1. Return the equivalent ellipsoid semi-axes of region 88-179 as a descending list in whole Å, where each equals the square root of 5 times an eigenvalue of the C-alpha gyration tensor.
2. Which distance in nm do the two modelled labels at residue 118 and residue 84 give, with both placed 7 Å along the Cα-to-Cβ direction?
3. How far apart, in nm, are the 7 Å Cα→Cβ label points at residue 70 and residue 147?
4. Given a Förster distance of 41 angstrom, what is the FRET efficiency for residue 43 paired with residue 77, based on the Cβ-Cβ distance and rounded to 0.05?
5. Mind giving me the FRET efficiency for residue 138 and residue 159? R0 is 41 Å, r the Cβ-Cβ distance, nearest 0.05 is fine.
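Bear in mind that the values in this text are calculations on the coordinates, not laboratory data. This is a predicted model, so every value here is computed, not measured. Ideal geometry is used to build each Cβ from the backbone, glycine not excepted, and the neighbour counts take in all protein chains shown.
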Amino acid sequence: METQTTQATEQPAQNSGNVMGFDQTVIVCTWLAFLIAFVVLGKLVWKPILQWLESRETEIRSSLDDAAAARKAAEEADAKAAQTVADAEREARAKADAMAAAARRHVAGMESEAREAIAAKRRQAEADLAEERAAALRKLSEQAGGEIAKALDRLLPGLLTDAQRQAYQDQIAADVRFH
């Protein structure tokens, strides 16, 4: 047992310069392995990762540019649609105004025609009435003349000549026409 204890006591004496128990060979090998892994990974993995990141960044930029172009196109389309709607409204208002003006002209024409027709009917009615009045006055005048002749024949039989009687009848008929 002594040999084991002695060996245990001798080992710490050999490592007495290195308190933490690191061996320089292990440290160098670790650094060397790290450097080899860094170079290998840099060649095999790092470049493809960087290339993928660059391609992804290009895609994102392209997508953002496309989105900006689409937004601009949408804004232009909205502006064009708004202009089209405004033009359509203006055209519809103009057509409605034109139709209203045409309707007013048509109504005015119809009113004018109706007034002319009424005036023509009034003139015709007045002419018919004047004609009927003249006919009635002639008839009344003839009847009055006949009645006067009968009355004169009864009142003054044989005193008036036919010419005097006719003149007297004409005078009375003329007086009846004017009144």
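1. Numbers: eigenvalues 889, 12, 7 Å².
Rounded to whole Å, the semi-axes are 67, 8, 6.
2. For residue 118 paired with residue 84, the spin-label model returns 5.1 nm.
3. Once both label points are built, they end up 10.9 nm from each other.
4. So, using R0 = 41 Å, E works out to roughly 0.20.
5. Step by step, r from the Cβ atoms, then E = 0.90.
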